[in-house]
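Bear in mind these aren't lab numbers, they're just calculated from the coordinates by the rules spelled out. Since this is a predicted model, take the numbers as computed values, not measurements. Ideal geometry is used to build each Cβ from the backbone, glycine not excepted, and the neighbour counts take in all protein chains shown.
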Amino acid sequence: MADAAPYEIPTSVLETLAPSARRLVLNRRGSTVWDVETRHGRFAAKLGYPIKATSEWEGQEWTALAPGREGAILQHLNRKHVSYGDWEHGTWNVQPWHRGNSLYDLWQPHRAEGASPEPDLGEALSCAEAVAALHATGWAHGDIQPAHLIISHGGTALIDLALAQGGAIPAAYDFSYRGCLVHYESPEISRSVLETGTATPTLAADVYALGASLFISATGLRHVAYPDDAGRKDQRQAIVDGPHQPVNVHGVLGKLIEAMLSPDPADRPTSAEVCKELSSGR
């Protein structure tokens, strides 16, 4: 359910950006995102605010901190043209806009009826390289999903790092990790969230999420089957109980996805090994 009206970009941020145009991209559950055109380029402006409790979900405070946390992480990773701060309802950040198509959108033709799910290995490699580049810095993303893999002619941008873990975070912007979009959670993440309410993002869990992202983008199937109307607790329990769905993707990619979806983190390839396998299979 979207909010009745989106939050406008705070005046102080607008004065700095001096936009020539702006477009609403997202307005739901604790986050409003604007696509902003300026004389210095195109930027994403993200606003975070608390989620109010409804009959469908509990209230959440962490969403108000997420843009500030992401901004701090991006600066820690030496990403250029990133700023962040506080506003009356939470935190905000501004970062360069990434042009391209999400992995799921790009691979839509492979999900058409009668199509053979054999996506381009070069596109899969580009996604794996983006994940491996982040892992090489010592950070786990914690929220890998097809919508966060933006593919263009220049490669893949791995976006939305608000839940990442791997270095110091300013205490004012930090919060506990409570899992991610469940369609891409690994069994150990789902198990920890069910048992304790929180989990720790890991490189191995990222590899699982990348495998689940490649699988659903190629086939339209979630890595584990559960009813569309299942609650998050039931979804997570299905992931813990397993097994994952049969990987009906042909060739090198199918074999690799199978390995990436191993229930045992120790049995999964690293992101660097995923890159190596995809490179050799091209």
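Once the other residues with Cβ under 13 Å from the Cβ of Pro263 are scored (Lys, Arg +1; Asp, Glu -1), what is the net sum?
Numbers: positive: Arg191, Arg268; negative: Glu185, Glu188, Asp241, Glu258, Asp264, Asp267.
Taking every Cβ under 13 Å from that of Pro263, the sum is -4.
What ³J(HN,Hα) values, in whole Hz, does the Karplus curve 6.51 cos²θ - 1.76 cosθ + 1.60 give for the stretch 76-82 when θ = phi - 60°, with x put for Gly and Pro?
4, 7, 6, 6, 7, 6, 10
Contact order normalised by length for the chain, with contacts defined as Cα pairs under 8 Å and 6 or more residues apart; what percent is it? Can you show the working numbers first?
Values: 527 pairs, mean separation 42.8, N = 282.
Over the chain, the number comes to 15 percent.
Mind listing the long-range amide H neighbours of Tyr177? Cut-off is under 5 Å, sequence gap 5 or more, other chains count too, H placed in the peptide plane at 1.01 Å from N.
Ala199
Which residue, Tyr226, Tyr49, Tyr208, tops the fluctuation ranking in a GNM of the chain built on C-alpha contacts under 10 Å?
Tyr226
Would you mind checking which residues have amide H under 5 Å from Val25's amide H? H placed 1.01 Å from N; only 5 or more apart, or other chain.
Amide H neighbours of Val25, under 5 Å, 5+ apart: Val33, Trp34, Asp35.
Computed over the Cα atoms of the stretch 192-282, what is the ratio Rg over Rh, Rh following Kirkwood?
Working: Rg = 13.7 Å, Rh = 14.0 Å.
Rounded to two decimals, Rg over Rh is 0.98.
Taking the stretch 11-96, how much of its Cα-Cα pair set, in percent, is spaced more than 19 angstrom apart? Mind dumping the intermediate values first?
Working: 1445 of 3655 pairs.
Summing the P(r) tail past 19 Å for the stretch 11-96 gives 40 percent.
Calculate how steeply helix 232-241 sits against the longest principal axis of the alpha-carbon atoms of the chain, using the helix alpha-carbon long axis, and give the answer as 0 to 90 degrees to the nearest 10.
Taking the Cα atoms of the chain, the angle to 232-241 is about 30 degrees.
Round to the nearest 10 and give me the degree value, 0 to 90, for the angle of helix 203-219's Cα axis relative to the longest principal axis of the chain.
Rounded to the nearest ten degrees, it is 80.
Give a residue-ordered list of calculated ³J(HN,Hα) values for the stretch 99-111 (Karplus: 6.51 cos²θ - 1.76 cosθ + 1.60, θ = phi - 60°; whole Hz; x for Gly, Pro).
With the stated coefficients, the stretch 99-111 comes to 7, x, 10, 5, 4, 5, 5, 5, 9, 3, x, 6, 9 Hz.
Can you compute 3J(HN,Hα) from phi for each residue in the stretch 154-159, using the Karplus curve 6.51 cos²θ - 1.76 cosθ + 1.60 with θ = phi - 60°, rounded to whole Hz and x for Gly and Pro?
Working through the residues one at a time gives x, x, 10, 9, 9, 10 Hz.
Quick one: angle between helix 251-260 and the longest Cα principal axis of the chain, in degrees between 0 and 90, rounded to 10, please.
Once rounded, the angle reads 70 degrees.
From the Cα trace of the chain, what convex hull volume per residue do you get, rounded to a whole Å³? Present the calculation step by step, with values, prior to reporting the outcome.
Working: hull volume 39.7 nm³, N = 282.
Enclosed volume per residue, from the Cα hull, is 141 Å³.
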